[in-house]
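Undergrad: Just passing along the structure, written as structure tokens.
The values are calculated or read from the model by the stated rules, or taken from the named source; none is laboratory data. What you see is a predicted model; the values in this text were computed from it and never measured. Positions of Cβ are backbone-derived with ideal geometry, glycine not excepted, and every protein chain shown enters the neighbour counts.
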């Protein structure tokens, strides 16, 4: 039996979405691209010319079919690659729900912490129960360059992917691996959610470099913000994250192990690995404190980690302090508006019920 030809739709128009469009194009896969209407103007050149140029470690000009209408973009879709900030996963789930077909698989790139659970909770309320794959992080280190180009500075060697419900993992991976061999299945979405390395790296470095972010000068994010002192805080966040993962029986790995696996770096201190990673050398930092390193990675990363920790009464002083600092800095209550247990559909569940739910999904 031959490999099923997938009809791939990419939702989003940022760095990662364009990178996926170019990546699939380089493999000879036809792709459709859709962006929220208010942001389509940012893709005007691509919408007019139906091409994306890739530079860096992946080079070429690749065709992409662009859509303004979401229903038309999703018609006949078998694989949906959602490549949008995690704080719009809720909106995206609500908008795609009426247009999903039964054999569709949704892949969230990345899910951050609890992405598959949040999206499944929303879709279930609208009568849609499809398997959702959640990538631990974005497959690429990339940045948009100009009107119609995306620059690749790194492509991970492999990436952990969890599926909700976990019982459908084999079915989902059988369709994903022929076109995304870097994706490696893990037992369930607890591993990917509690392996959210973005939430480990970004909030600590951004919050402790507010002066640099607001300085108005260009700077390299990883090289300049991740100083030895900041990395000590990152290491403590990582220890707290791993303690939560161990409590839930999820696959546990350190940030250093992740860097080694993803980029094949020589094993060294976390500070040395962050500073020497070739994929990070060209990544410039934000110039607004409301950047995604805080406004995404705190409410959809640290907040659900803290919530999971409280189930087992695990102390997370560093994670909790960063959430409180972000609330003050941004003027939000991320514990209320972020991915708390209610948002994830886990409120009131016992541990046994939660583990069964993650394996089996919603009851019929």
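Undergrad: Please name all residue pairs, on different chains or six or more residues apart, with Cβ atoms under 8 Å, provided the first residue is in segment 243-269 and is in contact (Cβ under 8 Å) with a residue 60 or more places away in the chain and the second residue is surrounded by fewer than 18 Cβ atoms within 10 Å (Cβ to Cβ) and not in a loop (DSSP other than H, G, I, E, B).
TA: Within 8 Å, the pairs are 263/278.
Undergrad: Is it the case that some residue within segment 66-78 is out of contact with any helix residue (DSSP H, G or I) (no Cβ under 9 Å at 6 or more places or on another chain) and within 29 Å of residue 297 (Cα to Cα)?
TA: Scanning segment 66-78, I find no residue that is out of contact with any helix residue (DSSP H, G or I) (no Cβ under 9 Å at 6 or more places or on another chain) and within 29 Å of residue 297 (Cα to Cα), so the answer is no.
Undergrad: On to the next question. Scan segment 25-36 for residues that are farther than 19 Å from residue 92 by Cα and surrounded by fewer than 20 Cβ atoms within 10 Å (Cβ to Cβ) and report the count.
TA: Total satisfying the criteria: 5.
Undergrad: Give me the pairs, please: first residue somewhere in segment 94-112 and in the same structural domain as residue 162 (by TED's automatic domain parsing) and without any contact (Cβ under 8 Å) to a residue 60 or more places away in the chain, second residue anywhere and assigned to a helix (DSSP H, G or I) and buried (at least 24 other Cβ atoms within 10 Å of the Cβ), beta-carbon distance under 6 Å, and either six or more positions apart or on two chains.
TA: 108/115
Undergrad: Quick one: in segment 37-56, which of the residues that are free of Cβ contacts under 8 Å to residues at least 24 places away in the same chain and either in contact with a helix residue (DSSP H, G or I) (Cβ under 8 Å, 6 or more places away or on another chain) or more than 21 Å from residue 152 (Cα to Cα) (or both) is surrounded by the most Cβ atoms within 10 Å (Cβ to Cβ)?
TA: 47
Undergrad: Given the conditions (1) part of a loop (DSSP other than H, G, I, E, B); (2) within 18 Å of the chain's Cα centre (by Cα); (3) over 30 Å from residue 27 (Cα atoms), report the number of the one that residue 202 does not fulfil.
TA: Status for residue 202: all satisfied but (1).
Undergrad: Okay, next question. How about segment 152-167: which of its residues are buried (at least 18 other Cβ atoms within 10 Å of the Cβ) and closer than 27 Å to residue 106 by Cβ?
TA: Those that are buried (at least 18 other Cβ atoms within 10 Å of the Cβ) and closer than 27 Å to residue 106 by Cβ: 152, 154, 155, 156, 159, 160, 161, 162, 163, 164, 165, 166.
Undergrad: Tell me the helices (runs of 4 or more DSSP H) entirely within segment 253-364 that contain at least 3 residues that are assigned by TED's automatic domain parsing to the domain that holds residue 205, modelled with pLDDT of 95 or more and over 23 Å from residue 134 (Cβ atoms).
TA: Correct list: 270-276, 317-330.
Undergrad: State which residue is nearest to residue 291 (Cα to Cα) when the search covers only segment 151-184 and only residues that are assigned to a helix (DSSP H, G or I) and touching a helix residue (DSSP H, G or I) at 6+ places or on another chain (Cβ under 7 Å).
TA: 166
Undergrad: Name the one entry in 187, 203 that is at pLDDT 95 or above, under 30 Å from residue 122 (Cα atoms), surrounded by fewer than 18 Cβ atoms within 10 Å (Cβ to Cβ) and touching a helix residue (DSSP H, G or I) at 6+ places or on another chain (Cβ under 8 Å).
TA: Just one listed residue meets the conditions, 187.
Undergrad: Related question: Looking for whichever is buried (at least 19 other Cβ atoms within 10 Å of the Cβ) and more than 30 Å from residue 313 (Cβ to Cβ) here; the options are 250, 255, 262. Which one fits?
TA: Criteria check complete, one pass: 262.
Undergrad: State whether one or more residues within segment 213-223 are surrounded by 18 or more Cβ atoms within 10 Å (Cβ to Cβ), touching a residue at least 60 places away in the same chain (Cβ under 8 Å) and over 29 Å from residue 289 (Cβ atoms).
TA: Within segment 213-223, none of the residues are surrounded by 18 or more Cβ atoms within 10 Å (Cβ to Cβ), touching a residue at least 60 places away in the same chain (Cβ under 8 Å) and over 29 Å from residue 289 (Cβ atoms).
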